[in-house]
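**Q** Take a look at the following structure, please.
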Amino acid sequence: MNVLVLVGSLRAGSTNRTLAEAALAHLPEGSTATVFDRGAELPHYSEDLDVEGSVPAVAADLREATAAADAVIVVTPEYNGTLSSVVKNQIDWLSRPRGEAAIQDKPAIVMAASGSPYAAKWARQDAVRCLQVAGAAVVEDTFGLGASYEAFAEGKLVDADLDTELRGLVGRLVPVNA
């Protein structure tokens, strides 16, 4: 299984990045994972830029990585009550061209880490909706982590129940893909 990870936080030391790494530890043995780290380089989606033969290289790379993946994990912080613009822009690029989009029918899960006790609930809901509209086969259950600054020790979730929940969600990518 080859998994592509889209992380919506650009901040060094991001708890969303740490959450992504914790999720990857739960992939089945033999799986590979690629974190697309070029979200900051990706221009805002525009049909003027999305012209066959002249798509920005970073957008073409994102589409190719998604097409090569068996599944996608989206990890987003919550900014002003919604998903990260970095993630939204990546999804916008992946939703085109309609009918041939790299994200079309691709199994996907959404998770988020937040310093607030609400665990980025709105960001997760918006990310699921956005992925659905883009054509992904999204698992509607999400994973939210509140008080994320205290939730990790050595890159792992401290709370065993939360780690079990995270493992369960990551495990749902396999049946969706099988």
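**Q** Could you work out how far the C-alpha centroid of the stretch 1-57 sits from that of the stretch 58-107, in angstrom?
**A** Here the two parts' Cα centres lie 8 Å apart.
**Q** Residues with amide H under 5 Å of Val35's amide H, sequence separation 5 or more or different chain, H placed in the peptide plane at 1.01 Å from N; which?
**A** Val5
**Q** If you don't mind, there's one more thing I want to ask. Which order do you get for Glu21, Glu47 if you rank them by accessible area with a 1.4 Å probe, largest at the top? Intermediate results must be reported in sequence, preceding the final value.
**A** Details: Glu21 105, Glu47 125 Å².
From most accessible down to least: Glu47, Glu21.
**Q** Rounded to the nearest 10 degrees, what's the angle between the helix 121-134 long axis and the longest principal axis of the chain, both from Cα atoms, 0 to 90?
**A** 30 degrees
**Q** Which value, in Å² rounded to 10, gives the accessible area of Val110 with a 1.4 Å probe and all protein chains present?
**A** Its heavy atoms expose roughly 0 Å² to the probe.
**Q** Here's something else I'd like to know. Mind putting a number on the dipole of the stretch 42-81 about its Cα centre? Charges go on the C-beta only, +1 for Lys and Arg and -1 for Asp and Glu, and I need it in Debye to the nearest 20.
**A** Working: 1 positive and 8 negative charges, 27 e Å.
Charge dipole, the stretch 42-81, about its Cα centre: 120 debye, nearest 20.
**Q** Same structure again: Kindly write out, for the stretch 40-51 in residue order, the coupling ³J(HN,Hα) from the Karplus curve 6.51 cos²θ - 1.76 cosθ + 1.60 (θ = phi - 60°), rounded to whole Hz, with x marking Gly and Pro.
**A** Computed from phi, the couplings for the stretch 40-51 are 5, 7, 6, x, 4, 4, 8, 4, 5, 8, 8, 10 Hz.
**Q** Quick one: ranking Lys121, Lys156 by accessible area, 1.4 Å probe, largest first, what do you get? Provide the component values of the computation, followed by the final result.
**A** Numbers: Lys121 110, Lys156 135 Å².
Putting Lys121, Lys156 in descending order of accessible area: Lys156, Lys121.
**Q** Where nothing but the Cβ of Lys and Arg (+1) and of Asp and Glu (-1) is charged, how large is the charge dipole of the stretch 45-178 around its Cα centre, in debye to the nearest 20?
**A** Working: 11 positive and 20 negative charges, 38 e Å.
That gives a dipole near 180 debye.
**Q** Moving on. Note down the accessible area of Trp93, probe 1.4 Å, to the nearest 10 Å².
**A** 0 Å²
**Q** Another question, then. Once you have a ≥ b ≥ c as the square roots of the Cα gyration tensor eigenvalues for the stretch 1-61, tell me rounded if a/c is under 1.5, and otherwise prolate or oblate according to whether a/b is larger than b/c.
**A** Values: a/c = 4.01, a/b = 1.71, b/c = 2.34.
Verdict is oblate for the stretch 1-61.
**Q** Using a Gaussian network model on the chain with a 10 Å cutoff between Cα atoms, which of Ala67, Ala22, Ala57 fluctuates the most?
**A** Highest fluctuation among the options: Ala57.
**Q** By the gyration tensor of its Cα atoms, with a ≥ b ≥ c the square roots of the eigenvalues, what is the shape of the stretch 105-178: rounded for a/c under 1.5, prolate for a/b over b/c, or oblate? Don't skip to the answer; put the middle values down first.
**A** Numbers: a/c = 3.09, a/b = 1.47, b/c = 2.11.
Here the stretch 105-178 falls in the oblate category.
**Q** Taking the Cα atoms only, what angle lies between the long axis of helix 57-68 and the longest principal axis of the chain, rounded to 10 degrees?
**A** Roughly 70 degrees, rounded to the nearest 10.
**Q** With angles folded into 0 to 90 degrees, how steeply does helix 160-171 sit against the dominant principal axis of the chain? Use alpha carbons for both and round to 10.
**A** On a 0 to 90 degree scale, this one is about 30.
**Q** Give the percent of DSSP beta bridges with both residues in the chain that are antiparallel, rounded to the nearest 5.
**A** Numbers: 4 of 23 bridges.
Rounded to the nearest five, the antiparallel share is 15 percent.
**Q** Please list, or write none, the aspartates and glutamates whose alpha carbon is within less than 14 Å of the alpha carbon of Lys156, excluding same-chain residues fewer than 8 places away.
**A** Leaving aside aspartates and glutamates fewer than 8 places away in the same chain, those within reach of Lys156 are Glu21, Glu165.
The values are calculated or read from the model by the stated rules, or taken from the named source; none is laboratory data. These numbers were taken from a predicted model, which means no experiment stands behind them. Cβ coordinates were reconstructed from backbone atoms using ideal geometry, including for glycine residues, and neighbour counts include every protein chain displayed. Accessible surface is based on the protein model in full, side chains and every heavy atom, while ligands, DNA and RNA are left aside. Shrake-Rupley method; radii C 1.70, N 1.55, O 1.52, S 1.80 Å.
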